[in-house]
Ligand SMILES: [Zn+2]
Ligand SMILES: [Zn+2]
């Protein structure tokens, strides 16, 4: 099993040392992929950037058949070319594309939701996601499609509980499949089997539309969270007929 979403201290919001992360992977008998934050166009300029040359010179010796080096690109409209240049000019194994910012606000912040309905904010979120999938040609997996549900203040933050949003989700999944990318299953929000049930319809729809594989990642920023609910996630995707994918040298490997 592989945890394909880990943030070490290269990411500006993590203090996890890479050597400690690798020790945790070995203890848990899993492989892992470092996916450090790189957000072009973040509202607070430079907040989530790193020097890729430093990353590769420091981490190259950590590479093995059980440890790959990736990046989590923050997707903001207008930065498609710059991000393609970044990933093509460095030897990343794996690139996650993630929406963190919508309408120039990190959707982590309550201001994004203030005075707005769930349909309005989630609609804007999925529109930004669809536009970025079409603009950004160079990522491998769409990160945490349910990211907004981590922070939205509504009594029911789940995406699929709003039928009006199903066409938005469909357009995102179709765009992803048609452009040869895969969906990620991010386990950070998962506490119990009920949380798998809440996201199951999204992944079932992905299968209906022709999706075959997903990457699985914990989004860990600490040793304890590495491999979080990984075994359960593998069982969940296989119950839907999906295969677990890992990327090495930007090539999809199915486990
Ligand atoms: Zn993210
Ligand atoms: Zn992340």
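Values quoted throughout were computed directly from the atomic coordinates according to the rules given, and no laboratory measurement underlies them. A quick note: this is a predicted structure, and the numbers were derived from the prediction, not measured. Every residue, glycine among them, receives a Cβ derived from its backbone with ideal geometry; neighbour counts consider all protein chains shown.
Considering only beta bridges that DSSP places wholly inside region 2-254, some 20 percent are antiparallel. In the elastic network of the chain, a GNM with C-alpha springs shorter than 10 Å, the most mobile of 130, 72, 82 is 82.
Ranked from highest to lowest mean number of other Cβ atoms within 10 Å per residue, what is the order of the peptides 195-207, 58-70? Walk me through the numbers before you get to the answer.
On the way: 195-207: 17.8, 58-70: 15.3.
By packing density, highest mean first, the sequence is 195-207, 58-70.
Scattering from the chain was approximated by placing one identical point on each alpha carbon and applying the Debye formula without solvent; log10 I(q)/I(0) at 0.09, 0.10, 0.14, 0.15 1/Å stands at -0.35, -0.44, -0.92, -1.07.
Largest first, the three principal axis extents of the alpha carbons in region 35-105 are 39, 19, 17 Å in whole numbers. Each peptide in 214-227, 97-110 receives the mean, over its residues, of other Cβ atoms within 10 Å, and ordering these scores from highest gives 214-227, 97-110.
Entry note, the chain: the mean residue ellipticity at 222 nm calculated from DSSP H runs of n ≥ 4, each adding -39500 (n - 2.57), is -10500 deg cm²/dmol after division by the residues and rounding to the nearest 500.
With a cut-off of 8 Å between alpha carbons and a minimum separation of six or more residues, what is the relative contact order of region 2-254 in percent?
Values: 466 pairs, mean separation 55.1, N = 253.
Relative contact order for region 2-254 comes out at 22 percent.
Under the rule a/c < 1.5 gives rounded, and otherwise a/b versus b/c splits prolate from oblate, where does region 1-62 land using the Cα gyration tensor? The partial results should precede the final answer.
Numbers: a/c = 2.46, a/b = 1.87, b/c = 1.31.
Taking the square roots of the gyration eigenvalues as a ≥ b ≥ c, region 1-62 is prolate.
Working ranking of peptides 116-129, 32-45 by packing, defined as the average number of other Cβ atoms within 10 Å per residue, highest first, is 32-45, 116-129. Here r is the Cβ-Cβ distance between residue 54 and residue 240 and R0 is 30 Å; the resulting FRET efficiency, rounded to 0.05, is 0.15.
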